[in-house]
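Only one structure is covered here, and it is reproduced in the block below.
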Amino acid sequence: MATFEDVRRFGRRFPEATDGTFYGTAALKVRGKGFCRMWSEREHDRDGVADTEVLVVFCEPEAKEALLENHPDVLFSTPHYEGHGAMLVRLAEVNLDDLAEWLEDSYRRRAPAVLRRKLDDA
């Protein structure tokens with residue numbers, strides 16, 4: 001089980017990662033671009049997910065289907081995210097190693113090349 005504090009703890013390790021809001025919810029950003037965010041109450045209501053907090057992360061669009069298939073209890077998508085390189089993480093079900101990996105992948109999708117190189121050099 002993870003919380004947004006775990007998300008922050010992992011995410012703050014990335015160059016120039018900052019706390020903020022993205023679509024009105026708690027988020028982490030890199031140079032003003034959100035790379036993960038919490039789902040809002042409206043989204044929970046819209047999609048009927050009441051059993052867990054949900055984190056949105058970015059992924060390679062080509063890898064999304066395999067990720068969802070390999071982690072069906074943790075990752076999911078909704079029609080709203082169909083065709084987009086974003087997936088939804090059930091924080092109540094995720095292990096911290098997977099969370100850290102998906103956050104780094106999400107950060108890399110949104111961060112400029114200079115910051116990705118800085119992360120590689122660290």
Residue pairs within 7 Å by beta carbon, gap of at least six or interchain, first lying in segment 57-75 and free of Cβ contacts under 8 Å to residues at least 60 places away in the same chain, second acidic (Asp, Glu) and open to solvent by 60 Å² or more (accessible area, probe 1.4 Å), listed first then second, are Cys59/Asp105; Asp73/Glu93; Val74/Glu93
Of all residues in segment 17-40 being of a type outside the set (Lys, Arg), assigned to a strand (DSSP E or B) and under 19 Å from Thr78 (Cβ atoms), which is modelled with the lowest pLDDT?
-> Phe22
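Here's the yes/no breakdown for (1) in a helix (DSSP H, G or I); (2) under 11 Å from the mean Cα position of the chain (by Cα); (3) at pLDDT 95 or above:
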{"site": "Glu5", "(1), (2), (3)": "yes, no, yes"}
{"site": "Pro15", "(1), (2), (3)": "no, no, yes"}
{"site": "Arg42", "(1), (2), (3)": "yes, no, no"}
{"site": "Arg46", "(1), (2), (3)": "yes, no, no"}
{"site": "Asp51", "(1), (2), (3)": "no, no, no"}
{"site": "Val57", "(1), (2), (3)": "no, yes, yes"}
{"site": "Leu67", "(1), (2), (3)": "yes, no, yes"}
Select, from Tyr81, Tyr107, the only residue that is touching a residue at least 60 places away in the same chain (Cβ under 8 Å), within 21 Å of Thr21 (Cβ to Cβ), out of contact with any His (no Cβ under 9 Å at 6 or more places or on another chain) and among the hydroxyl-bearing types (Ser, Thr, Tyr).
-> Tyr107
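Any idea which of Ser40, Ser106 is within 22 Å of Pro15 (Cα to Cα), out of contact with any Pro (no Cβ under 8 Å at 6 or more places or on another chain) and polar (S, T, N, Q)? First the steps, then the outcome.
Values: Ser40 fails: within 22 Å of Pro15 (Cα to Cα).
Among Ser40, Ser106, only Ser106 is within 22 Å of Pro15 (Cα to Cα), out of contact with any Pro (no Cβ under 8 Å at 6 or more places or on another chain) and polar (S, T, N, Q).
The values are calculated or read from the model by the stated rules, or taken from the named source; none is laboratory data. Every value quoted in this text rests on a predicted model; they were computed, and no experiment measured them. Here Cβ is always computed from backbone atoms with ideal geometry, including for glycine, and neighbour counts include all displayed protein chains. Heads up: the accessible areas ignore ligands, DNA and RNA and are worked out on the full protein's heavy atoms, side chains in. Shrake-Rupley method; radii C 1.70, N 1.55, O 1.52, S 1.80 Å.
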